[in-house]
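Below is one structure, written out as structure tokens; the observations come after it.
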2 protein chains.
Amino acid sequence: MPYEYDAAIALTPTSEGEFSSDIDGGWLVGSGVNGGYLLGVIGNAVRQTLADANQPDPFAISAYYLSATTPGPATVSTRVVRRGGTVSTVAATLSQVVDDTLVERISALASFGNLDKVDDGDVRTTAVEPVLPPVEECVLSSDAPPELKKFVPMLDRFEMYVDPACAGWAVGKPSGNAVIQAWFKFVDDRPIDTLALLTVVDTLPPVTTEMGMPGWAPTLELTAHVRCTPAPGLLKIRHESRNFAHGFFEEDCEVWDSAGRLVAQSRQLALAPRPE
Amino acid sequence: MPYEYDAAIALTPTSEGEFSSDIDGGWLVGSGVNGGYLLGVIGNAVRQTLADANQPDPFAISAYYLSATTPGPATVSTRVVRRGGTVSTVAATLSQVVDDTLVERISALASFGNLDKVDDGDVRTTAVEPVLPPVEECVLSSDAPPELKKFVPMLDRFEMYVDPACAGWAVGKPSGNAVIQAWFKFVDDRPIDTLALLTVVDTLPPVTTEMGMPGWAPTLELTAHVRCTPAPGLLKIRHESRNFAHGFFEEDCEVWDSAGRLVAQSRQLALAPRPE
């Protein structure tokens, strides 16, 4: 049995640089599919496009979300913009057919390389690893009420143990602080490689939830940098916004591995949920 | 007389969505042209492409730097990926002819909109405005030694007053901290609009300078979010790295206006300068 994430991001090559994908409804959040999962699908297409270059790791990827992707068939088209010795850059588009018309859902650029080849041991991280209570004291995402899980089936894809200090929203008492942090692993213990990190960075509830604004916060743009291959074990993820303005907010996410290394950094620009 | 920045980013439309540009050698840093200036050129092409939509402001732009741009003729090609009421998304490429071959220098994606139209007055910034000494106590960039200015003519494009606490590199005593902050204006007092902010975010010396690693730090990827139209007056710019690893580092830049508002945020992934 393959891990469910691998099945969800699987691609079938259809022609040079083009792949078909079956977008998994298990990653739905309301009526749209989670942007992090879709970034994993696109990253997988880029990785396969560069297979002969042995550059499997997303050093940087930027995705512009154009319209909500729905479960079902999709096409990912890639174009190698530049092949390089350290990194190669690829443009990618995820599209779906709507009423007989091919509609672009996501447009992306990515530079992939090989982290093993650049690893020179010189790491000077001054960012501070998040402090989280033990898993037993945290709020498990898949323990969410059934009515929420029906709306957000994605919650069954992973075990996310949210720091109760940032989970006031879960009991109707948001803290007002634009920070949420949690432990993370896939529900079936799939090891987290550099590709899966593209999904991990976008799995936490939007910080607006804890600011007292429940609801979906559509991503306009998300850029992720993968800096290190994660060690096995639970990850820590933390995201924060420092500049909510005029209905838009940035969200910076950090992912730390069990060896205490900052393995991924991302930033997105998102639209605040609209009042109901 | 037009302001020199406007002359430097000027474009001539050549066909639908295509422009010719004359890349200004005044923005050279060593043998390559500054990435922030080039982002301004690309942003100008996107703005002109969307002129009929009245969406002049770069909400988000991501540029992947493929090879060093040189002064002289260049072509900027744009393609509207999606037109929207709030934002429209455009793909853009800056290319130059090298040995009779068109070489892509920069590949970019951008979502532009109209900041005036989204301004609802609801701003909740928790980021903290940088504290800078008065201009008179700072180190003026254009006072750099002539041998440096010959190598970096860009230093004459603006007046940058660097906080002496972050300018140890200027006297051979880098602090070791990956932070540099300064006051900023264009040398001819050109007002700074949302387009020029794309350049401003990439004008400080790389933080690696203050970490004791002098030299050019090539940008792999830079994403900027413009969040507010700047008020007139000196800007404060500050950038910082928190994760130097394996020869790569991220650099987060904030730009604050004279009204104390966080007007732009950017992050880039760059390559550390190589030891000489």
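Numbers below:
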{"quantity": "Some residue of the range A:20-34 being modelled with pLDDT of 95 or more, within 14 Å of chain B (Cβ to nearest Cβ) and closer than 27 Å to residue A:230 by Cβ", "calculated": "no"}
{"quantity": "Which numbered condition residue B:229 fails, given (1) open to solvent by 30 Å² or more (accessible area, probe 1.4 Å); (2) among the β-branched types (Val, Ile, Thr); (3) in contact with a Lys or Arg (Cβ under 8 Å, 6 or more places away or on another chain)", "calculated": "(3)"}
{"quantity": "Residues within the range A:28-60 that are assigned to a helix (DSSP H, G or I) and hydrophobic (A, V, I, L, M, F, W, C), tallied", "calculated": "8"}
{"quantity": "The lone exception for residue B:72 - which of (1) more than 14 Å from chain A (Cβ to nearest Cβ); (2) under 21 Å from residue A:267 (Cα atoms); (3) over 15 Å from the mean Cα position of the chain (by Cα) it fails", "calculated": "(2)"}
{"quantity": "Unmet criterion (only one of (1) more than 20 Å from residue A:228 (Cα to Cα); (2) part of a strand (DSSP E or B)) for residue A:68", "calculated": "(2)"}
{"quantity": "Test for residue B:105: is it more than 8 Å from chain A (Cβ to nearest Cβ), more than 19 Å from residue B:198 (Cα to Cα) and either surrounded by fewer than 20 Cβ atoms within 10 Å (Cβ to Cβ) or of a type in the set (D, E, K, R) (or both)", "calculated": "no"}
{"quantity": "Conditions (1) in contact with an Asp or Glu (Cβ under 8 Å, 6 or more places away or on another chain); (2) more than 24 Å from residue A:63 (Cα to Cα); (3) open to solvent by less than 20 Å² (accessible area, probe 1.4 Å): number failed by residue B:210", "calculated": "(1)"}
{"quantity": "Given (1) touching a residue at least 60 places away in the same chain (Cβ under 8 Å); (2) under 30 Å from residue A:48 (Cα atoms), index of the condition residue A:151 fails", "calculated": "(2)"}
{"quantity": "Tally of residues being under 16 Å from residue B:44 (Cα atoms) and open to solvent by less than 20 Å² (accessible area, probe 1.4 Å) across the range B:65-77", "calculated": "2"}
{"quantity": "Conditions (1) closer than 24 Å to residue B:226 by Cβ; (2) open to solvent by less than 20 Å² (accessible area, probe 1.4 Å); (3) not aromatic (Phe, Trp, Tyr): number failed by residue A:218", "calculated": "(2)"}
{"quantity": "Qualifying residue in the range B:262-274 (condition: away from every other protein chain (no Cβ under 14 Å), out of contact with any strand residue (DSSP E or B) (no Cβ under 7 Å at 6 or more places or on another chain) and assigned to a loop (DSSP other than H, G, I, E, B))", "calculated": "no"}
{"quantity": "Selected residue [surrounded by fewer than 23 Cβ atoms within 10 Å (Cβ to Cβ), of a type in the set (Ser, Thr, Tyr) and within 26 Å of residue B:251 (Cα to Cα)] from B:31, B:20, B:62", "calculated": "B:31"}
{"quantity": "From B:230, B:205, residue being part of a loop (DSSP other than H, G, I, E, B) and closer than 22 Å to residue A:225 by Cα", "calculated": "B:205"}
{"quantity": "Filter result (in contact (Cβ under 8 Å) with a residue 60 or more places away in the chain and open to solvent by 40 Å² or more (accessible area, probe 1.4 Å)) within the range B:156-188", "calculated": "B:156, B:157, B:187, B:188"}
{"quantity": "One residue from B:99, B:122 being over 19 Å from residue A:80 (Cα atoms), facing chain A (nearest Cβ under 10 Å), open to solvent by 10 Å² or more (accessible area, probe 1.4 Å) and more than 21 Å from the chain's Cα centre (by Cα)", "calculated": "B:122"}
{"quantity": "Top-ranked residue in the range B:242-264 [being among the charged types (D, E, K, R) and farther than 19 Å from residue B:205 by Cβ; ranked as surrounded by the most Cβ atoms within 10 Å (Cβ to Cβ)]", "calculated": "B:257"}
{"quantity": "Any hit, the range A:134-153, residues being within 16 Å of residue A:256 (Cβ to Cβ), within 14 Å of another protein chain (Cβ to nearest Cβ) and either over 15 Å from the mean Cα position of the chain (by Cα) or buried (at least 20 other Cβ atoms within 10 Å of the Cβ) (or both)", "calculated": "no"}
{"quantity": "Test: residue B:86 is hydroxyl-bearing (Ser, Thr, Tyr), at negative phi and within 14 Å of chain A (Cβ to nearest Cβ)", "calculated": "yes"}
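The values are calculated or read from the model by the stated rules, or taken from the named source; none is laboratory data. In this text, all values refer to a predicted model and were calculated from it rather than measured experimentally. Counting neighbours? That spans all protein chains shown, and the Cβs are built from the backbone with ideal geometry, glycine included. The accessibility values were calculated without ligands, DNA or RNA, using every heavy atom of the protein model including side chains. Shrake-Rupley method; radii C 1.70, N 1.55, O 1.52, S 1.80 Å.
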